[in-house]
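Everything on this sheet refers to the single structure shown next.
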Amino acid sequence: MTPRSRKPQPAPTFWRNIRIAFLLLLLAIAAYSNWYDRWSTTDWDETLWVGVFPIDADGGRGTASWLAQLSQEDVSAIEEFLNAEAHRHGVGIERPVRVDLYPQVSERPPEVDPDSSLLSRAAASLRLRLYARRNSHPPGRAPPQIRIFVLFHDPGFTKSVPHSVGLQKGLVGVVHAFAANDMTPTNNVVIAHEILHTLGASDKYDPATLEPYYPIGYAEPDRQPLVPQTLTEIMAGRYVAGPGKFEMPDSLRDVRVGHATALEINWPKP
Ligand SMILES: [Zn+2]
């Protein structure tokens with residue numbers, strides 16, 4: 001009797017090649033989708049649609065009843081600001097940006113810690129993209145291109161809130177805001193800042209001191225004397241009110257999109 005021979009096995013390199021080809025395909029799809037998002041949100045030839053999704057951050061009775069009276073009017077200043085600045089920087093269409101308030105979302109977004117390792121940040125950003133996909137299609141409403149989830153905290157028992165984030169990869173932002181009418185103008189400054197992050201704008205302040213960078217973080221870099229400034233560059237988030245004194249603006253009326261930010265988001269006249 002002849003010895004039994006084993007069935008020929010496919011060479012291990014075959015399966016390794018298949019695995020590598022599959023990973024390369026996934027990377028190519030991700031690169032294409034990031035490129036497409038960037039191109040389609042910064043070509044400025046049709047209205048860019050932004051959705052604001054409110055979330056009750058603390059479950060208190062005060063926040064719930066405050067959220068119930070939140071209306072489209074509360075976010076209209078964001079659209080007015082972005083459109084006025086887009087026109088000033090040479091965007092030709094009548095309504096470059098549309099900002100809509102969407103129904104409340106009950107699921108809270110996953111946390112993204114900007115100080116964690118590259119790998120855990122990549123995993124967190126993937127979780128956030130999946131979260132945004134799950135939660136931005138309310139019945140009867142078309143999903144917007146850019147999704148901003150706003151966690152409203154009761155100022156009665158939350159004095160300071162975590163950092164807000166805006167990710168260009170995935171076109172999604174998470175904003176921490178205060179559930180109070182007199183905080184709406186400053187909440188809107190933070191929401192506008194994160195919207196511009198999703199379009200590719202970068203921060204223009206020193207994270208250690210919060211000092212706006214000169215000249216790119218100044219709304220009036222040519223002002224004489226330079227300090228005090230009265231207007232805020234949106235991606236600097238604060239203006240220099242005096243030597244070593246950096247203040248947040250009261251509302252978007254005192255905020256501008258500076259040259260460097262306009263260049264980053266592809267506005268025609270930076
Ligand atoms: Zn920022």
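Charge tally around S136: other residues with Cβ under 12 Å, Lys/Arg +1 each, Asp/Glu -1 each, net +3.
Compared with the direct C-alpha span, the chain from A122 to M183 gains 18.7 nm at full extension, assuming 0.36 nm per residue.
Give, in nm to one decimal, the length gained when the segment between A21 and R88 is fully stretched (0.36 nm per residue of separation minus the Cα-Cα distance). Display every interim value, and only then the final one.
Details: separation 67, 0.36 × 67 = 24.12 nm, distance 4.73 nm.
Taking A21 through R88 to full extension adds about 19.4 nm, to one decimal.
I want the local charge near G200. Using Cβ-Cβ distances under 15 Å, sum +1 for each Lys or Arg and -1 for each Asp or Glu among the other residues. Provide the component values of the computation, followed by the final result.
Working: positive: R38, K169, K204; negative: D37, D43, E194, D203, E264.
For residues surrounding G200, the net value is -2.
Round to the nearest 0.05 the FRET efficiency obtained for H137 and E220 when R0 = 41 Å and r is the Cβ-Cβ distance.
Numbers: r = 42 Å, r/R0 = 1.03.
So, using R0 = 41 Å, E works out to roughly 0.45.
Lysine pair count for the chain with Cα-Cα distance under 24 Å and sequence separation of 8 or more or different chains is 4. Does the chain come out rounded, prolate or oblate by the C-alpha gyration tensor, with a ≥ b ≥ c the root eigenvalues, rounded set by a/c under 1.5 and, if not, prolate when a/b is larger than b/c and oblate if not? Prolate is the answer for the chain, as a/c is 1.5 or above and a/b outweighs b/c. Distance from the Cα centroid of the range 223-245 to that of the range 124-168 is 30 Å (rounded to whole angstrom). Checking the a/c ratio against 1.5 first, then a/b against b/c, what shape does the Cα gyration tensor give for the range 230-270? Verdict is prolate for the range 230-270. For the chain, a simple Cβ point-charge model (Lys and Arg +1, Asp and Glu -1, everything else neutral) yields a dipole of about 1900 debye relative to the Cα centre.
Is the C-alpha gyration tensor of the range 97-188 telling us rounded, prolate or oblate? Criteria: a/c under 1.5 is rounded; beyond that, a/b larger than b/c is prolate, otherwise oblate. Oblate.
Read-outs throughout are calculated quantities, based only on the coordinates presented, and are distinct from any laboratory measurement. Computed from a predicted structure; not experimentally measured. Quick reminder, even Gly has a Cβ in these numbers, built from the backbone with ideal geometry, and neighbours come from all protein chains shown.
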